[in-house]
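Here the structure is laid out as structure tokens; the discussion comes afterwards.
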Amino acid sequence: MVSKRRFLALAATALAGAGVVRVFGSGTSPATAKEAFEITKTPEEWRAVLTDAQYRVLREEATERAFTSPQLEEKREGNYTCAGCELPLYASSTKFDSRTGWPSFYEALPGAVGTKTDFKLVYPRTEVHCSQCGGHLGHIFNDGPPPTGKRHCINGVAMGFVPKMVS
């Protein structure tokens, strides 16, 4: 059995370790990451084209409250796009109900997203961002359905939706 004192010492060590990792760049936001993106803007330019909620998620890596996004209930055929640059990210055919409170997909469109390791909660997670503008979208977990077994847990405010055109 771990004593309270030992537990607190381990937790403090883990937090200190996470801080060291962040100093060396593993926890940088997409807006300040060294990776070059096709679309780049200053924070002021992003603020001019995004809502406050979109800016917090896409540029500061915030997370919207669960069960608040209209994208969660979107059922039409089409593509989900980046709210920052309109790049198509996910096909509606890959969306599934993960019961987590955020839109979830088992696969992104080819070349649409990039990933990096995120240590913000001390343990490593796979952060997912738009490959064109670097906007933070959410995280990828290994508890999704076939065929990939992945769950792209995406902030709905980070996406737009373009319905399939019926001819």
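The values are calculated or read from the model by the stated rules, or taken from the named source; none is laboratory data. Treat the numbers as computed from the prediction; the structure is a model and nothing was measured. Neighbour counts are summed over all protein chains in view; Cβ atoms, including those assigned to glycine, are modelled from backbone coordinates with ideal geometry.
Remarks
- Filtering Glu74, Glu61 for residues that are closer than 16 Å to Ile154 by Cα, crowded, with 19+ Cβ neighbours inside 10 Å, of a type in the set (D, E, K, R) and in contact (Cβ under 8 Å) with a residue 40 or more places away in the chain leaves a single hit, Glu61.
- Only residues that are at pLDDT below 95 and either among the β-branched types (Val, Ile, Thr) or closer than 14 Å to Ala83 by Cβ (or both) were counted in region 134-164, giving 0.
- Residue in region 72-87 that is farther than 26 Å from Pro110 by Cα and of a type in the set (Val, Ile, Thr) present: no
- Scanning region 108-127 for residues that are over 14 Å from Pro88 (Cα atoms) and not polar (S, T, N, Q) yields Lys116, Asp118, Phe119, Lys120, Leu121, Val122, Tyr123, Pro124, Arg125, Glu127.
- Looking across region 117-133, the residues that are at pLDDT 95 or above and closer than 24 Å to Phe96 by Cα come down to Thr126, Glu127, Val128, His129, Cys130, Ser131.
- Of the strands (runs of 3 or more DSSP E) lying entirely inside region 95-147, those containing at least 3 residues that are surrounded by fewer than 18 Cβ atoms within 10 Å (Cβ to Cβ) and either in contact with a Ser or Thr (Cβ under 8 Å, 6 or more places away or on another chain) or not charged (D, E, K, R) (or both) are 113-121, 123-130.
- Taking the numbered list (1) in a loop (DSSP other than H, G, I, E, B); (2) touching a Gly at 6+ places or on another chain (Cβ under 6 Å); (3) at pLDDT below 95 in turn, Gly84 passes all entries but (3).
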